[in-house]
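Reading through the structure tokens given below for one structure.
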Amino acid sequence: MTTTQQHSTKQDILKHLLKRGQATAHELAEALAISPQATRRHLKDLEAEGLIGYESVQLGMGRPQHIYTLTSSGRDRF
């Protein structure tokens with residue numbers, strides 16, 4: 001994947017979060033038609049850059065889900 005594609009995908013994730021307010025990695029993967037693994041890699045990078053954050057939410061049995069949202073720095077990009 002080229003740097004331009006990565007930037008574009010990360011930008012698409014930020015735009016989706018701006019539009020929707022919040023989303024899980026699975027929801028983002030489906031919306032952007034990319035694999036959940038690739039989505040999580042981009043989310044990790046965006047979190048390291050301080051552009052997104054997440055809250056762990058327990059929904060029934062199993063692992064908690066991470067709900068991702070933009071930080072104020074992420075919103076400042078727009």
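Scanning the stretch 47-78 for residues that are of a type in the set (D, E, K, R) and under 16 Å from Asp12 (Cα atoms) returns Glu47, Glu49, Arg75, Asp76, Arg77. Here the condition is being in a helix (DSSP H, G or I), of a type in the set (Gly, Ala, Ser) and touching a Gly at 6+ places or on another chain (Cβ under 8 Å); of Ser73, Ser8, it holds for Ser73 alone.
Results for (1) without any contact (Cβ under 8 Å) to a residue 60 or more places away in the chain; (2) over 21 Å from His7 (Cβ atoms); (3) in contact with a His (Cβ under 9 Å, 6 or more places away or on another chain), shown as yes or no for each residue.
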{"residue": "Gly21", "(1), (2), (3)": "yes, yes, no"}
{"residue": "Ala31", "(1), (2), (3)": "yes, no, yes"}
{"residue": "Gln37", "(1), (2), (3)": "yes, no, no"}
{"residue": "His42", "(1), (2), (3)": "yes, no, no"}
{"residue": "Glu47", "(1), (2), (3)": "yes, no, no"}
{"residue": "Ile52", "(1), (2), (3)": "yes, no, no"}
{"residue": "Met61", "(1), (2), (3)": "yes, yes, no"}
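Within the stretch 11-27, being surrounded by 15 or more Cβ atoms within 10 Å (Cβ to Cβ), part of a helix (DSSP H, G or I) and either at pLDDT below 95 or touching a strand residue (DSSP E or B) at 6+ places or on another chain (Cβ under 7 Å) (or both) holds for Leu14, His16, Leu17, Ala25.
Of all residues in the stretch 28-70, those being out of contact with any Asp or Glu (no Cβ under 6 Å at 6 or more places or on another chain) and either assigned to a strand (DSSP E or B) or of a type in the set (S, T, N, Q) (or both) number 15. All conditions but one from (1) of a type outside the set (Val, Ile, Thr); (2) at pLDDT 95 or above; (3) surrounded by 15 or more Cβ atoms within 10 Å (Cβ to Cβ) apply to Ser35; the one that does not is (3).
The values are calculated or read from the model by the stated rules, or taken from the named source; none is laboratory data. Please read all numbers here as calculations on a predicted model, not as lab measurements. Note that we place each Cβ from the backbone using ideal geometry, even for glycine, and neighbour counts take in every protein chain shown.
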